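Have a look at the structure below before the remarks.
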Amino acid sequence: MKKILISILLLSAVAFGGYTIFKESLDRYNPFIIQEHVYVQIKGSPEDNDGRFKYQIEGYNADGKTKKVTFTTSTVLAEGTYVKVSAKGAYTEGFEIIEEEDLPNGVSNLL
């Protein structure tokens, strides 16, 4: 009985660790997570990420729900730039710089 309990605890720890490390990759292939556009406005400066610039920022989807996204760029984006990020959970497929007029109704008020 003791060996079974220890085995279950070890397997749980390995599964949790693997999920934590590979969360972004797992979200990419998870059929239960839908891909959506998250609209953000650049505020502040990015982190340096080995020659790329990493943004971790909160934005809003078309329904006005808050979503946190992470994406990298090869150049620093200007303060106040609007970006449409294509995200699926923690996985970010890509982004597009947009104008304020391209924001969905209601989202421009939130940013």
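No value in this document is a laboratory result; all are computed from the given coordinates. Just so you know, these numbers come straight off a predicted model, no measurement behind them. So basically every Cβ, Gly included, is an ideal-geometry build from the backbone, and we count neighbours across all protein chains shown.
Select from region 90-111 the residues that are more than 14 Å from Gln41 (Cβ to Cβ) and touching an Asp or Glu at 6+ places or on another chain (Cβ under 7 Å) and write down the one among them that is surrounded by the most Cβ atoms within 10 Å (Cβ to Cβ). This residue is Tyr91.
If you scan region 28-39, which residues turn out to be part of a loop (DSSP other than H, G, I, E, B) and in contact with a helix residue (DSSP H, G or I) (Cβ under 7 Å, 6 or more places away or on another chain)?
Ile33 - this is the single residue of region 28-39 that is part of a loop (DSSP other than H, G, I, E, B) and in contact with a helix residue (DSSP H, G or I) (Cβ under 7 Å, 6 or more places away or on another chain).
Here Leu5 meets each of (1) in a strand (DSSP E or B); (2) surrounded by fewer than 13 Cβ atoms within 10 Å (Cβ to Cβ) with one exception, condition (1). Scanning region 90-110 for residues that are within 12 Å of the chain's Cα centre (by Cα) and in a strand (DSSP E or B) yields Tyr91, Thr92, Glu93, Gly94, Phe95.
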